[in-house]
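No value in this document is a laboratory result; all are computed from the given coordinates. All values derive from a computational prediction rather than experimental measurement. As a convention, Cβ positions derive from the backbone with ideal geometry for all residues, glycine included, and neighbour counts pool all protein chains shown.
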Amino acid sequence: MSVVAKSNKPVNVTERFLARVEVLKSRFPEGKHKSALLTILHELQNDNDDWLSIEAMDKVAELLNIKPIEVYEVVSFYSMYNQQPVAKYMFEFCHTGCCMTRGVEDLMEYTCKKLGVKQGEITPDGLFSVKGVECLGACGYAPMLQLGDYYHEFLTPEKMDALIEDCRAGKVDMISKV
Ligand code: FES
């Protein structure tokens, strides 16, 4: 279960972000600016250590002139928004459909055991966490996970070992340049 968290530091609201909000709002008619909500949340999350505190969500509500509850309900619905601080490398395993039948549960258990955490926990060094999410649309490549902007597919325990080592060595790309 995810619980909305307060942050112990102010929301990072940059000039670049505020300019982006205006651009995104301008794509929709007056009174329909809420349509820009998903993208705005993504961008603010990217600027705030990959999670959205209650203060961050309230800021978005203010910028879009909507009620805070309208932001909370969207953030709590989609698994791509994080309501708690997250690990640097968050393994988001698809745990539905094809991935389930191709052994993702065993793989998640293997990964948790290797990292010494339960699902949702962060390793003491702050590097890793394991999360189950709904279908990520790469069913033909099951079992798979998302790490940052990238998918890792046809996973096996050996591939997880290699991925974890690459993360520790700082060799894993998280943000797409596209
Ligand atoms: S079932 Fe795993 S990506 Fe669709």
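Restricting the calculation to Cα atoms, region 15-77 yields a radius of gyration followed by a Dmax of 10.8, 31 Å. Per-residue extension of 0.36 nm, minus the Cα-Cα distance of Arg27 and Lys171, leaves a gain of 48.1 nm for this segment. Projecting label points 7 angstrom from Cα along Cα→Cβ for Asp50 and Lys114 puts them 1.7 nm apart. The lysines within cross-link reach of Lys67, meaning a Cα-to-Cα straight distance under 22 Å and a gap of 8 or more places when in the same chain, are Lys6, Lys25, Lys32, Lys34, Lys59. Counting Lys and Arg as +1 and Asp and Glu as -1 over every other residue whose Cβ lies under 11 Å from the Cβ of Met144, the net charge comes to 0. Of all beta bridges that DSSP places with both ends in the chain, some 50 percent have antiparallel geometry.
Longest span of the chain, sites excluded, free of trypsin sites (Lys or Arg not before Pro) in DSSP loop with at most 13 other C-beta atoms within 10 Å?
Details: sites that count: Lys6, Arg27, Lys32, Lys118, Lys171, Lys177.
Answer - 33-117.
Rg and Dmax over the alpha-carbon atoms of the chain stand at 17.5, 53 Å. For Tyr150 and Glu15, the difference between the fully extended length at 0.36 nm per residue and the C-alpha to C-alpha distance is 45.8 nm. The residue among Ser7, Gly116, Ala169 whose Cα reaches farthest toward the positive pole of the charge dipole of the chain, with charges on the beta-carbon of Lys, Arg, Asp and Glu, is Ser7. To the nearest Å, what is the center-to-center distance of region 58-104 and region 120-141, using C-alpha atoms only? Using only Cα atoms to place each centre, the spacing works out to 12 Å.
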